[in-house]
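This report concerns only the one structure given below.
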Amino acid sequence: ITNVTESNPVSASSDPLQFPSLSYSTEKKSRRKNRVTFKIAQGLTNEKPFEAKYSSKVRKELTKTSNICNFMFKKPIKPLKNPDIERLMENIKKSEIVTFKGKKREIPKRKLSRLKKNILRIRAERNSKEIEIVSENIDDQTDDEELKSNIIESIQKLKLDSNESEIKHEITLEPDSSSNPTEIIQHSRDFRPYCTNCTSELLCELTENIITQLRTFQHKQYQKNPERVKKRFVSGLNEAKKFLELKKIKLFIIATDLEPNPGPGGLDDTIQQMKVFCDENHIPYLFSLKRRKIGYILFKKVPVSCVAILNYEGCEEIYRQLMIELDIQRERYKNARII
């Protein structure tokens, strides 16, 4: 064997299967896989690269290629089947499912109070009655035209006597100088029967001044520190009723032209209860200004029925003048003849 190899070395190296040379074997061992081909193969198989074999840089590149291939060859995700969820969904009825249409309010609407519901109910009844009266008047319009013609004829026949003026002078009596003429006060829509004092320009001016000053004080205090601000006044019947029960009101101002709302639990009944409570607890109350005017003073877009003053510090002089004028107007109302 030694002779053959030594004599003919080329023949030994020419057949690599029988006699593999060292150079051929070293080339096989030193040969490595190409990175690009490995990346594509790794991505197609969806297998994670072995973290122990490769460095951090190679690992990052491999993960990028695998994500791209996953995106290209993504399998559809099957929905999970849970028998408990399916059983619950069967129990839910279609009527119980809440469906929202359109926009939703960030701040939900406030529920109407009993008093407001009562006011709206009576207002609807009044409107329905007015519609019925109007329809009846339209039907009777033809009959009225005949009556008008008869009245005109009767008026034309009447003749005034020449001595009528002399008779009138004889009938009229001169009023006694001793008896003071009484003032006549007539209740109307602007001056309702629940009012217990007359209104005057000075009274309205003083009430307007005290409300405006307290509003400015409260607004300034709110701008400085909104967390520690204290209310100087409240507006509205519901808010006023709460503070009346707590006995924290120093002055109660009510509008003169509230909507007529008779019956138990109505607006007239609540105002009468408030008046009785104020008399029992010695809380001064007055009737001045209209609802629209009070709303305008408080910078509100709606009419305000009443204002309850909790603290009048800073405008004591106006409060003192208001109490003096209120006593005068109450005496005037008592002495007057009410129609």
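Throughout, read-outs are computed from the coordinates displayed, never taken from laboratory work. Note that the structure is a prediction, hence the values are computed from the model and not measured. Here the Cβ is made from the backbone with ideal geometry for all residues, glycine too, and neighbour counts use every protein chain on show.
For GLU280 and GLN186 in one chain, what is 0.36 nm times their gap in residues minus the Cα-Cα distance, to one decimal in nm?
31.0 nm
Would you please put 280-291, 242-253, 123-134, 182-193 in order of how densely packed they are, using the mean number of other Cβ atoms within 10 angstrom per residue and starting with the highest?
280-291, 242-253, 182-193, 123-134
What number comes out for the charge environment of CYS204, summing +1 per Lys or Arg and -1 per Asp or Glu over other residues with Cβ under 15 Å away?
Residues near CYS204 contribute -1 overall.
Among the listed pairs LYS117/LYS242; LYS242/LYS300; LYS231/LYS334; LYS116/LYS301, which have their C-alpha atoms separated by more than 24 angstrom in this model?
In this structure, LYS231/LYS334 exceed 24 Å between Cα atoms.
If I model a spin label at LYS301 and GLU317 as a point 7 Å from the Cα along the Cα→Cβ vector, what separation in nanometres do I get?
Here the modelled spin labels are 3.8 nm apart.
Run the simple label-point estimate for LYS111 and GLU239 please: 7 Å along Cα→C-beta, distance reported in nm.
So the label points at LYS111 and GLU239 sit 2.1 nm apart.
Quote to one decimal, in nm, the extra length available between LEU310 and ARG330 on full extension: 0.36 nm per residue of separation minus the C-alpha distance between them.
Gain in length upon complete extension: 4.9 nm.
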